[in-house]
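Notes follow the structure.
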Amino acid sequence: MGEAKALIRLGGKPLLDRVVESIAPQVSSVVIVGGPPEWAEQRGLDHRADAIAGGRGPLAGLLAAMDYAAQIKSNSDFVFVTATDMPFLPPDLVSRLLEDSDKGLPVIPRSGNRLQPLAALWPRDMHSKIASGLRGKSVESMKDLYQDTGFQEVSFETVPLDPFFNVNTPEDLGVAERWLGI
């Protein structure tokens, strides 16, 4: 779409700001993983690079978030991670996921017929499994990870809009603008 997805404006705000504003009240700490450090600095947030370089995608970001939680001595057994292209995340997302977090498994939202592992709770005790899987390349995707470990899911309504809608194309941005009434 011509620029970093996180900075694409929807209703006058970058997608990154919409996600941070939605999630910040739901968690004890927000860290931006990936992207330039300035994105975090401009928002008064911490920044971490992906834990493993080389384009390993969301798994490297998840590992970096877990490293950050350990560094700040978080007392939570889980980290919540989300992508920056989901501008309509529910205000009760994390609490609803936590309600079903009693088995020590990833807790992944489902909207419609799709699981949303990029807006999920991940147990911190999976750190070594993720790290070794990434380094040994035995875990290539979030789907590989949650299918291997098992998971719990929490369903979310998709009417009037899908709260996990991704803005990936100019057409998606147009849909999101219509949902905002722009």
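Annotations for the structure displayed:
- Evaluated against (1) surrounded by fewer than 17 Cβ atoms within 10 Å (Cβ to Cβ); (2) closer than 27 Å to residue 139 by Cα, residue 99 falls short on exactly one condition, (2).
- Hey, residue 92 more than 20 Å from residue 33 (Cα to Cα) and either buried (at least 16 other Cβ atoms within 10 Å of the Cβ) or within 15 Å of the chain's Cα centre (by Cα) (or both) or not: yes
- Qualifying positions in region 77-89 - buried (at least 17 other Cβ atoms within 10 Å of the Cβ), in contact with a Gly (Cβ under 9 Å, 6 or more places away or on another chain) and either on the phi > 0 side of the Ramachandran plot or among the acidic types (Asp, Glu) (or both): none
- Counting only strands (runs of 3 or more DSSP E) that fall entirely inside region 103-182 and contain at least 2 residues that are at pLDDT below 90 and aromatic (Phe, Trp, Tyr), no element qualifies.
- Each residue in region 154-164 was checked for being within 13 Å of residue 117 (Cα to Cα) and crowded, with 18+ Cβ neighbours inside 10 Å, and 2 pass.
- Among the residues of region 1-40, those identified as out of contact with any helix residue (DSSP H, G or I) (no Cβ under 7 Å at 6 or more places or on another chain) and hydrophobic (A, V, I, L, M, F, W, C) are 4, 19, 20, 23, 24, 40.
- Restricting region 1-28 to residues that are of a type in the set (Lys, Arg) and either out of contact with any Gly (no Cβ under 9 Å at 6 or more places or on another chain) or modelled with pLDDT under 95 (or both) leaves a set whose member that is nearest to residue 177 (Cα to Cα) is 9.
The values are calculated or read from the model by the stated rules, or taken from the named source; none is laboratory data. Because the structure is predicted, anything quoted here is derived from the model rather than measured. Heads up, the Cβs are rebuilt from the backbone with ideal geometry, glycines too, and the neighbour counts pull from every protein chain shown.
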